[in-house]
Amino acid sequence: MNNSQTAFKAREQLESFLGIFSPHFSRPEFRFLGQMLYGLQAAKDIKLSCIGRELNEEIALKKTEERLSRNIAREGLAETVSACVAREAAKHVGKDTLIVVDPTDIRKLYARKMPCLDRIRDGSKKELGVGYWACAAVACESGGRRVVPLHLRLWSTRAPGFRSENDELFQTIETVRAGTKKRGIYVVDRGGDRMELFNHFLDNELRFIVRLIGNRNFLWRNRPVLAEKLAAKCRMRYAETITRETSEGEKVYQIEYGVLDVRLPDRPGERLRMLVVKGFGQKPMLLLTNLAA
């Protein structure tokens, strides 16, 4: 495929994607979105000066930057764009599609003057740094390889209007929920074991699977028991061989697992299940879910 064919195909795809925004924005706003998307792809850079150069307008570059900056700061722009993207991506979410919610971070190694730079813990390097907190939500089918982005949210604890990490997490889930109409199963790994999140899922009748850290109390047979102690009592009734992609290639695991009915002390009327999985490491993996057995 030559360069002209590649450019034509890219332009076609861009115009098709832009179509999801047209009913929700005025003509000037829609034109701005088109220019930003084109500029980001052409410049391969997020700096407004680089994007402005690619637009090649017949005005001073400084004026182009000022116009782009003014439009980016427009109130409600980010929320509307996020809602449109989530609605479009939700077409790929079925009843049992996994919706993976991942609280994470973006480290800015060389940034010094970016607004509201925050102190973060770099999850990949296990060290402190500067950057922004984030939460990503993607959809995938169990056993499948295709991943569909649903939402990405960035925040700083130093930004005006910041409330709490839980509030940012809930807003991520609510953006996805509005687009998917409650379809899908929400999966949260690290950072998911918090009562506020369980309440949010249960109050909104969302199905979930959340990884536990082991020190949570559950009601089992009408008495409080620690999750890790319950795990020791759980009978491993099932076994399976699974293959996982790792940085070193495919790895085969022989796992066994079992399930216990449990209840949260703060919500004794809700019947939940704790899944105990052995075979991934020295300690068993503990998961809490409201899915039917």
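If you filter the range 201-232 down to residues that are touching a helix residue (DSSP H, G or I) at 6+ places or on another chain (Cβ under 9 Å), more than 13 Å from LEU264 (Cβ to Cβ) and not in a strand (DSSP E or B), you find that the one that is most open to solvent (accessible area, probe 1.4 Å) is ILE213. Filtering the range 147-156 for residues that are at pLDDT 95 or above, buried (at least 17 other Cβ atoms within 10 Å of the Cβ) and part of a loop (DSSP other than H, G, I, E, B) leaves a non-empty set. Being small (Gly, Ala, Ser), surrounded by 13 or more Cβ atoms within 10 Å (Cβ to Cβ) and assigned to a strand (DSSP E or B) is the requirement here; does ALA139 meet it? Answer is yes for this residue.
Of the numbered criteria (1) open to solvent by less than 40 Å² (accessible area, probe 1.4 Å); (2) among the polar types (S, T, N, Q); (3) within 24 Å of the chain's Cα centre (by Cα), the one GLN41 fails is (1).
Go through GLU196, GLU245, GLU240 for me and flag whichever is in a strand (DSSP E or B), farther than 24 Å from HIS92 by Cβ and without any contact (Cβ under 8 Å) to a residue 60 or more places away in the chain. Being in a strand (DSSP E or B), farther than 24 Å from HIS92 by Cβ and without any contact (Cβ under 8 Å) to a residue 60 or more places away in the chain holds for just one of GLU196, GLU245, GLU240, which is GLU240. Restricting to the range 96-122, and then to whatever is assigned to a loop (DSSP other than H, G, I, E, B) and within 18 Å of the chain's Cα centre (by Cα), can you tell me which residue is surrounded by the fewest Cβ atoms within 10 Å (Cβ to Cβ)? Selected residue: ASP96.
What about LEU109, is it aliphatic (A, V, I, L, M), in contact with a strand residue (DSSP E or B) (Cβ under 9 Å, 6 or more places away or on another chain) and within 20 Å of GLU270 (Cβ to Cβ)? Answer is no for this residue. Being part of a loop (DSSP other than H, G, I, E, B) and either within 16 Å of the chain's Cα centre (by Cα) or buried (at least 19 other Cβ atoms within 10 Å of the Cβ) (or both) is a property that does not hold for GLY179. Given the conditions (1) under 22 Å from LEU150 (Cα atoms); (2) open to solvent by 80 Å² or more (accessible area, probe 1.4 Å), and given that ALA90 satisfies all but one, which numbered condition is not satisfied? The number of the failed condition is (2).
Just one of the listed residues (ARG207, ARG211, ARG183, ARG190) is in contact with a Pro (Cβ under 8 Å, 6 or more places away or on another chain), touching a residue at least 40 places away in the same chain (Cβ under 8 Å) and under 30 Å from GLY94 (Cα atoms), namely ARG190.
Taken together, GLU79, GLU58 contain a single residue that is part of a helix (DSSP H, G or I), out of contact with any Ser or Thr (no Cβ under 7 Å at 6 or more places or on another chain) and among the acidic types (Asp, Glu), which is GLU79. Would you please name the residue that is farthest from ARG194 (Cα to Cα), looking only at residues in the range 269-293 that are in a strand (DSSP E or B) and open to solvent by 50 Å² or more (accessible area, probe 1.4 Å)? Out of the qualifying residues, it is LYS278.
Filtered by the rule that a residue be open to solvent by less than 60 Å² (accessible area, probe 1.4 Å) and either within 22 Å of PHE208 (Cα to Cα) or not in a helix (DSSP H, G or I) (or both), the range 61-76 gives a lone residue, GLY76. When each of ARG74, ARG11, ARG87 is tested for being of a type in the set (Lys, Arg), in contact with a helix residue (DSSP H, G or I) (Cβ under 9 Å, 6 or more places away or on another chain) and more than 29 Å from GLU168 (Cα to Cα), the lone residue that passes is ARG11.
The values are calculated or read from the model by the stated rules, or taken from the named source; none is laboratory data. Just so it is clear, the model here is predicted, and its values are computed rather than measured. Here Cβ is always computed from backbone atoms with ideal geometry, including for glycine, and neighbour counts include all displayed protein chains. Side chains included, ligands, DNA and RNA excluded: accessible areas come from the protein's heavy atoms. Shrake-Rupley method; radii C 1.70, N 1.55, O 1.52, S 1.80 Å.
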